Amino acid sequence: MTRAIILGCSAPRLTEAEADFFAEAQPFGFILFRRNIEDPEQLAGLVSALRATVDNPEAPILIDQEGGRVQRMIPPHWTRYPPGDAYLKAARDLGEAREAARLGARLMAHDLHAMGIDVDCLPVLDVPVPGAHDIIGDRAYAHDPERVAVLGRAAAEGLMAGGVLPVIKHIPGHGRALSDSHLELPVVNADRDHLEAWDFLPFKAMSDMPIAMTAHVVYTALDPDRPATTSPVVLDMIREEMGYQGLIVSDDLSMQALKGDLEHRTKRALKAGCDVALHCNGDMDEMQAVLAGSKRLKGKSLRRAEAALARRVRTPEPLDVVEARARFDRMMAPYLEAKAGPDVGEAQG
């Protein structure tokens, strides 16, 4: 019985306790972080082992592979990719930026698909405003919603062409937040008209995407008491007014923006309208609580999950990887030369 949860694991290899727990819990899928990754052979083995625990070779495996600060697969075994804002900075016009964003995502999909990873938590559709917290920052493609939508779609197309499903995030928009939802609950006080014309616009423009991830953000114009993840008011707006009918996954339930224990966080997210609850850190006690608060994946949520997974491309479009990487490097050279510097540590997604 598949449960409406996605879970992480603690290390590069499954412990016996984790394997037993996942076999019991039967999560819909899994998510990987830097702590889970050493090299290609190990990573491919972990992906296979995770799927084996739920006896499902089709179980989705997620990762945050954006480029820039948020990249889980890194050198020396994988390519370092630039952050979202690099594409416009390197290009002469929006058309060039769109081509580079698609190619970058296609190359990322090539890396992921080779490891058996089939869902990337990209593109970031948040639109930063002046004074906002930099948790989004250079992860955003642009500082206006129209160009964010154009480049976000390009990235999604690149991923899907390579056999990897995109996840639009953080619906309905994290760019206006004045704090980091990993650490505290952001409250956005903009009026409804401003939200619809700015923050919500890229998500509405990409409402045909298979999977979306929620924002742990309060929008007082919609629901002054609850963040989007646990707000039936906001989630109904996403369905009815934005027209989003794909699979809605919560952002990580262990983030400090949410209050209460993990069991109740899970219950509130699923009751509010999230199809699947996400828990990332691999802590066994926390995962037990998430399982206790979860429910069977069924009804409309199951149909959305099946529809999303059905959009995986089984045979990626042809790609000359050597030529494509050389072309991508040429396209990004103006940005990469200006930003050349030391490697950075893992950031949250």
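Any read-out appearing in this document is the output of simple, stated calculations on the displayed coordinates, not a laboratory observation. This one's a predicted model, so the numbers in the text were calculated from it and none came from an experiment. A quick note on method: Cβ atoms are made from the backbone with ideal geometry, for glycine too, and the neighbour counts reach across all protein chains shown.
Structure notes:
- Rounded if a/c under 1.5, otherwise prolate or oblate - the range 88-148, Cα gyration tensor axes: oblate
- Taking every lysine pair in the chain that is 8 or more places apart or spans two chains, those with Cα atoms closer than 30 Å amount to 28.
- Cα shape, the range 241-349, gyration tensor, a/c 1.5 rule: oblate
- The distance separating the Cα centre of the range 56-122 from that of the range 183-231 comes to 24 Å.
- A Förster radius of 45 Å, combined with the Cβ-Cβ distance separating Ala221 from Arg314, puts the computed FRET efficiency at roughly 0.55.
- Within a Gaussian network of the chain (alpha carbon springs, distance under 10 Å), most fluctuating of Ala212, Ala197, Ala154: Ala197
- For Gln65, nonlocal amide neighbours, meaning residues 5 or more places apart or on other chains whose placed amide H falls under 5 Å from its own, are Cys121.
- Subtracting the Cα-Cα distance of Lys339 and Ala17 from their residue separation scaled by 0.36 nm leaves 111.6 nm.
- The chain - mean residue ellipticity at 222 nm from DSSP helices (-39,500 (n - 2.57) per run, n ≥ 4, rounded to 500): -11500 deg cm²/dmol
- Estimated distance in nm for a label pair at Val321 and Leu178, the labels positioned 7 Å out from Cα along Cα-to-Cβ: 4.7
- Calculated over the chain, the projected area of the Cα convex hull averaged across directions stands at 15.8 nm².
- Rounded to 5, percent antiparallel among DSSP beta bridges of the chain: 10
- Prolate/oblate/rounded label for the range 59-100 (Cα gyration tensor, a/c 1.5): prolate
- Residue list for the range 1-35, given a label point 7 angstrom along the Cα-to-Cβ vector of Ala52 and an amide N cut-off under 11 Å: 14
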